[in-house]
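Below is one structure, written out as structure tokens, with a few remarks after it.
The values are calculated or read from the model by the stated rules, or taken from the named source; none is laboratory data. Predicted model only: the values in this text are computed from it and were never measured. In this analysis, Cβ positions are derived from the backbone assuming ideal geometry, glycine residues included, and neighbour counts consider all displayed protein chains.
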């Protein structure tokens, strides 16, 4: 029980990631694949963000004029990484949607198994 | 052994490579210029090779390192007696074949002559490379180049049969060399740490006996160009090529490259003593004997002239291997000499076959009845060549057979002697009927009719008229026939070179 | 942050995720995905990742959804799975 | 395909569950992630970059090169969408 | 500027692609020269950087002036310098080639194309020279996005679909990579490669680290299309425009392979993958399967580019196979093969592109006697093909030489046999084409009398093909020098 | 989808909101040093304000205010500001992106120079993100055919 509670964020992230990955591979609809991709990436971001948190710490904006104790603030590095990851995510998403539109224009369908 | 550093081997290799470029540049438009390049390259190459003979006879070795690719992996030439013997033969016969080729392609109005001559030149260049190579890597390099650049020659006719033959050709040669030869080279390199040829062999004591046997078997299987059974069937398949190609490449350059590499591997990679210890020499000898007999029997049943010659080649090549595999001085001398002596005989036969094809458009033995009267020079040369093959004195073929027989006695291998005897009988029985038919049989009626359509040359009136192939073809074949005879009376150069080669590997006894 | 609240949001996130990939209408899927992103963003704020949450709010719940809807109008709402 | 996807997903999930057991607890103050590199960002951000928001200072300064890459990704996406979708002017 | 050469490798093409967009829309003619100039500067900088590395050891360049574990640094050692030189040079040559083909295929969009081309190269070079694992992810995504787009604009109707599958697979790969980064970060707290390799050995037995390794491997395998994960590649590389196929085939998979070597031998020490988590055998079997599968499928193809795509899968298998031997010779072979293969693939794809440009048809069956109209292109194609088969003196032979020796040294006879068998299979592939091209009459109607006139692709396409073909011919002969000056230092010193 | 919208309420609300959104976006960009936010978030919001106008009015209307070419150029300009600041550092003799060296040309200390450099790149990021978001949305929502304003 200890490890379930102590790491419940991680369990949820794993579950979300599995949902996303499954949708990416198994769904036939291109847009649904992208939904899966979005969930997958968000799950990873959840993982990173969870990793950066510290018990009893606050947001990483330093109060000027006080002595800084690193343990009082959240770890900013995973947040930075995830900002980048979100940007990458939305870029990929945009490009993939553009491709989906192109495909729709040519095949008149978004279902993978209906294209010939 | 004195080692001289000289760029001459490299030049000898490069001459025809440069010629190939010039030929390609000249193209179809400047035919005469193009053929001048071929002849010129042939003459220069031969004189370069010949100029190295005195050094070799002095017991020296010429060496030249072209490029070091990696430690132990270098492109290096080293001319010793064995290589010289082979190089001399190939470059001399190239000149003659060039003339013959010109006559052949012109009278048949072959297409793509530029590609033909260029590939030919590169093939010769690579043959020199094999002859003069100083290590297995260089050998392999040029060995593969030969395979690649003779492929266009085999497929030259661009007919479905030509493509099929060429496919088999490339499949066998490339397949065996990549699958077995290359693997054997890897194992050798891994075991010995070097690939340099050495008169004492480089593998002694470097690997376990079983590993050595594996390497040896891989080598023998990998050198497909030696046409040992069961990897022989590319050679008859390659007979779809134009006859000059069959003559020079498939009687001399390519197949001799194969046996030359076998000889090199036996003598310079394994070494006589190691093979004796392992007992592999005898095994190889019996294997070669098997090829000799079986190939001869198959040859008996072939009606196509070139196919019969091809199987004869398969059989004769194994003589070289047999001689060397006996591992006795006489045997090796015999084997090495056979490289040269067989070349002169076989090229004559092929030239004659080509001449018959050009002049009379006949390619089957059963059609040759009476042709001796129409083509007296060709058939005379053919007869000489056939006799040389059989091993009759006073023809060159006798000498090598004699030494191989001596070698088998030295080695105490009496069954081998029986094999030689049997093979001689078989040789006679597949060559002599041709000669007999050509001179003493009346031309069969239906053939006359069948071919009579072609021209009035075949009407009964002109049947007795001499109708030879063009002089450019007849002169070369007469020359090689004379060569086959001359070698019997003046074998000193060949013999000396062979003896030097043998002395270096057996240590003087 | 109170872990019970955290837990409830997480469960809602999972429900949204499952719904988003199973709903038979792509437009609904887009909207549910927006909600999913928004819940995520709440979660991250709770973990102190305000910058990430802000970005996710702007991107995941906002721009992404807009892209999504724009693309759906260019294509089709229909889906078989 | 569905079966294959399920297998892949379960393997991945299984690996993750298996390894997550060994991870530091959520929010642990002793984990390497909180003790190794990141403290410097928090402690020195004002002194070195005059930026109280540690995320901004790390994003734009300490790891500014990453952000350059990130911006390039965005830029790439923009150009890609134009290249893919934009019709040339009708002529 | 010599000091700053490392950063110029990346920044110059990046700036060029931006300026290209800003100015190119106004002055269209500027776009192409700008791209060439930028790539030349990049290539020159890589050469300078590699030279510096050879002279004075690894270059560390701190971006933003921050010390490594906190900031990001470039680390250019022999391996990354070598790969950077390959990538920048090959892409420069291919850039020359793009002019004609792209002008014809997308007359209105050349500016965007050039920008994305530059971004693709920027991304690849960024992956190669950086010393930070997260930074690799960022540049991986730049590369991926650019390549998705370039694949999607292919002339075929199905090109966007291929690109879409590529997006899905590529994203899964990148996400797995990112997960790997996260797992390493949570256990070590650092992202710097040097720092990681210092910290990791103490943690090798933690399952977290082992799972991270697995995720890295799967992610990269997806990106380089290693055998069971290769499904996206043939479509994507076949349907892309020819110049793009050449670029991605000759550089992207090589950079992926470089990344794999980096992860296995630098981030993790060789000790990890050999003893702690003995996966090398598994990797070897997968790669061997890739080799056999790729060559086998190549035989079955009737379309040139698709055939080359399968050959590429086999070639990736070679590189990974060499890595899996985990000895000096095998790894030397792998690294050498990165060089040779990028030249070979560029040569083949460019030649096929030139054929497609002229005949608009790359079915093998329709190639009869094309050597009469395009002798130079076909000669280059034959050279490339012979090199793939591994016949001396072409470059392909020498890397194969080291690979097989490595297999023998490692005692892995099966893999040595696999390498040789695949040589034979590729021989079948290429000799079938050679036979079709040179020795099969076009069709009975024309006959041999129809004197075909030479009708080569424009010079701008021909020269790159020739450069690559000549490269394939002479690189092999200098592989000894390349190994002694560069590669032997690129191999981890524990071997 | 993005047809001329006749709904007065939507139009007037969006007209009313847009300046505030823009202001907020600028605040987010400028205040990134002290509070959550920065170039990326601000850029997104900026882009969102344009997207709002596009939805409320139509594409042609928005394109009158910001031409497509201009938007594309801004895409590049943003990154160019970023990379250019880095390059200036290079020219000033420091490493790439080492904003500290900007103190040589700015009347402030090293740390402040870094903050200013950061601010500069935030602006660059903001511009790029805004322009790219607008451009992607424009292309996605109209299927690449901006001229017609809308495609159903």
State yes or no: is residue A:57 farther than 17 Å from residue E:164 by Cα and either touching a residue at least 24 places away in the same chain (Cβ under 8 Å) or touching a helix residue (DSSP H, G or I) at 6+ places or on another chain (Cβ under 6 Å) (or both)? yes
Can you list residue pairs whose Cβ atoms sit under 6 Å apart, with the first residue in the range A:64-84 being at positive phi and the second being surrounded by fewer than 24 Cβ atoms within 10 Å (Cβ to Cβ)? Count only pairs 6 or more apart in sequence or on different chains. none
Return a yes/no flag: does the range C:33-50 have any residue that is modelled with pLDDT under 90, at the interface with chain F (Cβ under 9 Å from one of its Cβ atoms) and surrounded by fewer than 24 Cβ atoms within 10 Å (Cβ to Cβ). yes
Those residues of the range E:412-429 which are more than 10 Å from chain B (Cβ to nearest Cβ) and over 16 Å from residue E:316 (Cα atoms) amount to E:412, E:414, E:429
Within the range E:255-268, can one find any residue that is in contact with a helix residue (DSSP H, G or I) (Cβ under 9 Å, 6 or more places away or on another chain), farther than 30 Å from residue E:195 by Cβ and surrounded by 23 or more Cβ atoms within 10 Å (Cβ to Cβ)? no
Does residue A:94 satisfy the condition of being without any contact (Cβ under 8 Å) to a residue 24 or more places away in the chain, touching a helix residue (DSSP H, G or I) at 6+ places or on another chain (Cβ under 7 Å) and either crowded, with 24+ Cβ neighbours inside 10 Å or within 8 Å of chain D (Cβ to nearest Cβ) (or both)? yes
Report, by residue number, each residue of the range F:49-82 that is under 11 Å from the mean Cα position of the chain (by Cα) and away from chain E (no Cβ under 14 Å). F:49, F:50
Any pair with Cβ under 8 angstrom, 6 or more apart, that starts in the range F:29-48 at a residue that is more than 7 Å from every other protein chain (Cβ to nearest Cβ) and ends at one that is part of a loop (DSSP other than H, G, I, E, B): F:29/F:37; F:29/F:38; F:31/F:37
Looking at D:51, D:76, D:72, D:12, which one is under 30 Å from residue F:30 (Cα atoms), more than 7 Å from chain E (Cβ to nearest Cβ) and crowded, with 21+ Cβ neighbours inside 10 Å? D:51
Just checking, which of B:385, B:372 is touching a helix residue (DSSP H, G or I) at 6+ places or on another chain (Cβ under 9 Å) and surrounded by 24 or more Cβ atoms within 10 Å (Cβ to Cβ)? B:385
Can you tell me which residue in the range E:19-57 is surrounded by the most Cβ atoms within 10 Å (Cβ to Cβ), limited to those that are within 30 Å of residue E:491 (Cβ to Cβ) and out of contact with any helix residue (DSSP H, G or I) (no Cβ under 8 Å at 6 or more places or on another chain)? E:44
Of (1) surrounded by fewer than 24 Cβ atoms within 10 Å (Cβ to Cβ); (2) more than 9 Å from chain D (Cβ to nearest Cβ); (3) within 23 Å of the chain's Cα centre (by Cα), residue A:46 satisfies every one except (1)
So residue A:38, is it within 7 Å of another protein chain (Cβ to nearest Cβ), in contact (Cβ under 8 Å) with a residue 12 or more places away in the chain and under 30 Å from residue E:239 (Cβ atoms): yes
Residues of the range E:118-151 classified as in contact (Cβ under 8 Å) with a residue 60 or more places away in the chain and more than 15 Å from the chain's Cα centre (by Cα), total: 10
With a cut-off of at least 1 residues that are over 24 Å from residue B:266 (Cα atoms) and touching a strand residue (DSSP E or B) at 6+ places or on another chain (Cβ under 9 Å), name the strands (runs of 3 or more DSSP E) lying wholly within the range B:1-112. B:2-5, B:60-70
How many of the residues making up the range E:175-213 are more than 10 Å from chain D (Cβ to nearest Cβ), farther than 26 Å from residue E:62 by Cβ and crowded, with 23+ Cβ neighbours inside 10 Å? 2
In this structure, does residue A:20 turn out to be at negative phi, surrounded by 24 or more Cβ atoms within 10 Å (Cβ to Cβ), more than 12 Å from the chain's Cα centre (by Cα) and at the interface with chain D (Cβ under 10 Å from one of its Cβ atoms)? no
Given the options B:116, B:143, B:104, B:64, name the one that is within 12 Å of chain E (Cβ to nearest Cβ), surrounded by 20 or more Cβ atoms within 10 Å (Cβ to Cβ) and in contact with a helix residue (DSSP H, G or I) (Cβ under 7 Å, 6 or more places away or on another chain). B:143
For the range B:9-31 the number of residues that are out of contact with any helix residue (DSSP H, G or I) (no Cβ under 6 Å at 6 or more places or on another chain) and more than 17 Å from residue B:95 (Cβ to Cβ) is 7
Condition first: assigned to a loop (DSSP other than H, G, I, E, B) and more than 12 Å from every other protein chain (Cβ to nearest Cβ). Now tell me which residues in the range E:214-232 satisfy that. E:225, E:226, E:230
Over 28 Å from residue F:24 (Cα atoms), touching a helix residue (DSSP H, G or I) at 6+ places or on another chain (Cβ under 9 Å) and more than 13 Å from chain D (Cβ to nearest Cβ) - does that describe any residue in the range F:109-122? no
The range A:49-81, subset more than 28 Å from residue E:175 (Cβ to Cβ) and more than 7 Å from chain D (Cβ to nearest Cβ), residue nearest to the chain's Cα centre (by Cα): A:58
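Results for (1) at pLDDT below 90; (2) assigned to a helix (DSSP H, G or I); (3) farther than 30 Å from residue E:107 by Cβ; (4) more than 12 Å from chain F (Cβ to nearest Cβ), shown as yes or no for each residue.
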position: E:6; (1), (2), (3), (4): yes, yes, yes, no
position: E:12; (1), (2), (3), (4): no, yes, no, no
position: E:23; (1), (2), (3), (4): yes, yes, no, no
position: E:31; (1), (2), (3), (4): yes, yes, no, yes
position: E:35; (1), (2), (3), (4): no, yes, no, yes
position: E:38; (1), (2), (3), (4): no, yes, no, yes
position: E:44; (1), (2), (3), (4): no, yes, yes, yes
